[in-house]
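Read through the structure below, which is laid out as structure tokens, and then see the notes.
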Amino acid sequence: MMSKQVVPDHKLASVAPMINCNDVERKDVELVLVKKRNGLQCANSTIVNSPAGGEPERRETWGKKVDFLLSVVGFAVDLANVWRFPFLCYKNGGGAFLIPYLLFLLIAGMPLFYMELALGQFNREGAATVWKICPIFKGVGYAVILIALYVGFYYNVIIAWSLFYLFSSFTSDLPWAHCNNYWNSKNCTDPKLFNTSLLGNGTKYSKYKITPAAEYYERGVLNLHESAGIHNLGLPRWQLILCLLVVIIILYFSLWKGVKTSGKVVWITATMPYMVLFVLLIRGITLPGAMNGIKAYLSIDFERLKEAQVWIDAATQIFYSLGAGFGVIIAFASYNKFDNNCYRDAIFTSSINCVTSFFSGFAIFSVLGYMAFKHGVDISEVATDGPGLVFVIYPEAISTLPGSTFWAIMFFIMLLTLGIDSAMGGMEAVVTGITDDFKILKKHRKLFTLVTAGGTFLVALLCITNGGIYVFTLLDQFAAGTAILFGVLIEAIGVSWFYGVDRFSEDIKQMTGFKPGLYWRLCWKFVSPAFLLFVIIVSIVKFKPLTYDEYVFPNWANLVGWGIAVSSMSLVPIYAIYKLLTVRGTLKERIAYCITPENEHYLVEQGKVQQFKLEHWLAI
């Protein structure tokens, strides 16, 4: 096994700048010996750096390999797999939608996922400090950390809603099954009393606001009828405050001790949704009309592939579904052992995510088929996505089943666990990214995690006010929309062009023993950046002013939203300018220092800057 000792400066001349990983036991080697201006570092499975004159720093690793896999799967498989993909598939040609979806998975989703896993594992750093490979891009790390924080502000609220519904399900008389509650309006109508003329007036059943389930969500949970708009938020509801507090406490105690604790929590949160989804599917396919729903879900319409929107939806869904760009994959991978096969992990976890999305569609559309049969309408009348699906339509269907209490409890446990592990991933990205950059905080991880969780809780209170759904909608639209696409685009350019896809491939070879094939290298350097640029342009061109059902957001709200998006994106050029101004030397030397990996800064002094050579930019 390699020595953990820091080599003194005076012995530099007698030490080779690099040790071949094949000459030592791979299972014990995490980092190879690299030459640095201020000394050498040599590490095994837990050492990540050796500050000059100090003791090597040990980095925590996952207790078991399966802890890591479950964490990645748990993060990537979230609520969107249930409430968005099935509806997109149905809306965009059924089975035909799988063609663009799988295409974008292969040329962009999976390569970007693989890139982040390898990047985090080799450098053993969070989203910010991983950019020691190209210092000028460190602002990208700060940007994605900020985006992950923004997402936590509203994503935790969805989990709080799920918890609220779960608590409300522990009764033999589900509160959204009838109109005899204090929150119901005088217009509340039992779905059994809906007549054909009412259903045929141009409004889809899924959009009716006067059903017991719809009124429970908007009046009983959100208290939306007490707000006139985003300018009139009102106070947070005490019931939701308690639910949100429980969620934050769960997140804190899952993360406070690092991956040793979070890796155990995901054994429940990452596996429970699959068990519940399977049970719901078995129950769903036994319902009358279920087969009609599944047929509608899978019906193949190749004509739809001629429409640009279908391809846009597929590109957007595959990107957001895998969760690249939030700093989470980098953070999780940074706790892996150095010789872990990240290539196999990338294929396995990204495939599991997509299969889960497809599988969930059967559980969802079997119930939607039942709803359509029950009301004597077409599937299109009840099919919807987002919160309307999981908090209105599906609960309503459940309330009509024998043993409705049991099915409600099962369904909301699934939503709760789907949300928890994804929220854990987002908060871990923030904590790991910041503590890796500011070592003083790493020594006080528990306290910093508490501050992060507490801050998230305080901001999230805005989303559980009477008009909180408007704040939620604004954050959902802008916090991680164009901003995260921009962040990943710059990340892909930084890794494959400035650091060099050839050098990145050699890093992977040191870890896994084999170099990525030409397919992956071409995707990293050309296809994935082009894909991201395409999606960014489309997201800007297709932007529409915010609305929530019939409510149109004022112009100032859209400006606030763009301000939130720009606040994270702007960190990229701001840090780049800061870095250029703070390094020493002429402009050329400053640029050289900024785009050369930190452990090769000695080459700048020797005038051997690889990025100043044409071969670097042409290499694949």
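Using the Cβ-Cβ distance between E605 and F253 with R0 set to 35 Å, the FRET efficiency works out to roughly 0.10.
For the chain, what is the accessible area per residue in Å², given a 1.4 Å probe and the full set of protein chains?
Values: 24690 Å² over 620 residues.
Ligands and nucleic acids excluded, the figure is 40 Å² per residue.
Note that the stretch 307-320 has calculated 3J(HN,Hα) couplings of 8, 4, 4, 4, 5, 5, 4, 5, 5, 5, 5, 5, 5, 5 Hz, one per residue in order, obtained from phi through the Karplus relation 6.51 cos²θ - 1.76 cosθ + 1.60 (θ = phi - 60°); glycine and proline are x. Close amide-amide hydrogen proximity is noted between Y548 and F553, each under 5 Å apart and 5 or more residues distant or on a separate chain (H modeled in the peptide plane; Pro and chain starts excluded).
With a cut-off of 8 Å between alpha carbons and a minimum separation of six or more residues, what is the relative contact order of the chain in percent? Provide the component values of the computation, followed by the final result.
Values: 1016 pairs, mean separation 170.8, N = 620.
Reported relative contact order: 28 percent.
For the pair S567 and I440, what calculated FRET efficiency results from E = 1/(1 + (r/R0)^6), where r is the Cβ-Cβ distance and R0 = 25 Å, to the nearest 0.05? Numbers along the way, then the final one.
On the way: r = 25 Å, r/R0 = 1.01.
E(calc), rounded to 0.05, equals 0.50.
Extent of the stretch 374-500 along its three principal axes (Cα atoms, max minus min coordinate, largest first): 60, 37, 28 Å.
If a/c stays under 1.5 just call it rounded; otherwise compare a/b with b/c (prolate if a/b is bigger, oblate if not). Do that for the stretch 204-316, with a ≥ b ≥ c from the square roots of the Cα gyration tensor eigenvalues. Oblate.
Taking 0.36 nm per intervening residue step and subtracting the Cα-Cα distance, what contour gain separates D378 from Y182 on full extension? Walk me through the intermediate numbers first.
Numbers: separation 196, 0.36 × 196 = 70.56 nm, distance 3.23 nm.
Stretched fully, the D378-Y182 segment lengthens by 67.3 nm.
Compared with the dominant Cα axis of the chain, that is its longest principal axis, helix 259-269 is turned about 30°. Derived from the Cα gyration tensor, the three semi-axes of the equivalent ellipsoid of the stretch 322-437 are 37, 16, 12 Å, largest first.
Here is the list for the stretch 98-205: trypsin sites (Lys or Arg not before Pro) lying in DSSP coil, each with at most 12 other C-beta atoms within 10 angstrom of its C-beta, are K186.
Within the assembled protein chains, the solvent-accessible surface assigned to H601 is about 40 Å², based on a 1.4 Å probe.
When the chain is described by a simple charge dipole with +1 on each Lys and Arg Cβ and -1 on each Asp and Glu Cβ, the residue from G323, I230, S380 located farthest towards its positive end is G323.
Classify the stretch 255-342 as rounded, prolate or oblate, taking a ≥ b ≥ c as the square roots of the eigenvalues of its Cα gyration tensor: rounded when a/c is under 1.5, otherwise prolate if a/b is larger than b/c and oblate if not. Don't skip to the end; give the middle numbers.
Numbers: a/c = 3.59, a/b = 1.48, b/c = 2.42.
Oblate shape, in that a/c is at least 1.5 and b/c is the bigger or equal ratio.
Residues in the stretch 334-347 carry Karplus couplings, in order, of 5, 9, 7, 6, 4, 9, 4, 7, 5, 5, 5, 4, 4, 5 Hz; the curve used is 6.51 cos²θ - 1.76 cosθ + 1.60 with θ = phi - 60°, and Gly or Pro positions show x.
Please report, as a whole percent, how much of the solvent-accessible surface of the stretch 520-574 comes from carbon and sulfur atoms (probe radius 1.4 Å). Write out the running numbers ahead of the final one.
Numbers: 2200 of 2910 Å².
Taking all protein chains in place, the stretch 520-574 shows 76 percent carbon and sulfur surface.
Evaluated with a Cβ-only charge set (Lys, Arg +1; Asp, Glu -1), the stretch 380-439 carries a dipole of roughly 160 debye about its Cα centre, given to the nearest 20.
What is the packing order of peptides 294-307, 148-161, taking the mean over residues of other C-beta atoms within 10 Å and listing the highest first? Display every interim value, and only then the final one.
Working: 294-307: 14.6, 148-161: 24.9.
Peptide ranking by packing, descending: 148-161, 294-307.
Classify the stretch 268-392 as rounded, prolate or oblate from the Cα gyration tensor: take a ≥ b ≥ c as the square roots of its eigenvalues, call it rounded if a/c is under 1.5, otherwise prolate when a/b beats b/c and oblate if not. Verdict is prolate for the stretch 268-392. The angle between the Cα long axis of helix 501-512 and the longest principal axis of the Cα atoms of the chain comes to about 90 degrees, rounded to the nearest 10. Measuring r between the beta carbons of L193 and L587 and using R0 = 51 Å, the FRET efficiency lands at 0.10. Both numbers refer to the Cα atoms of the chain; Rg and Dmax are 25.7, 90 Å.
The values are calculated or read from the model by the stated rules, or taken from the named source; none is laboratory data. In this text the structure is predicted, and so the values were computed from the model without any measurement. Here Cβ is always computed from backbone atoms with ideal geometry, including for glycine, and neighbour counts include all displayed protein chains. Areas reflect the complete protein model, heavy atoms only, side chains present, ligands, DNA and RNA absent. Shrake-Rupley method; radii C 1.70, N 1.55, O 1.52, S 1.80 Å.
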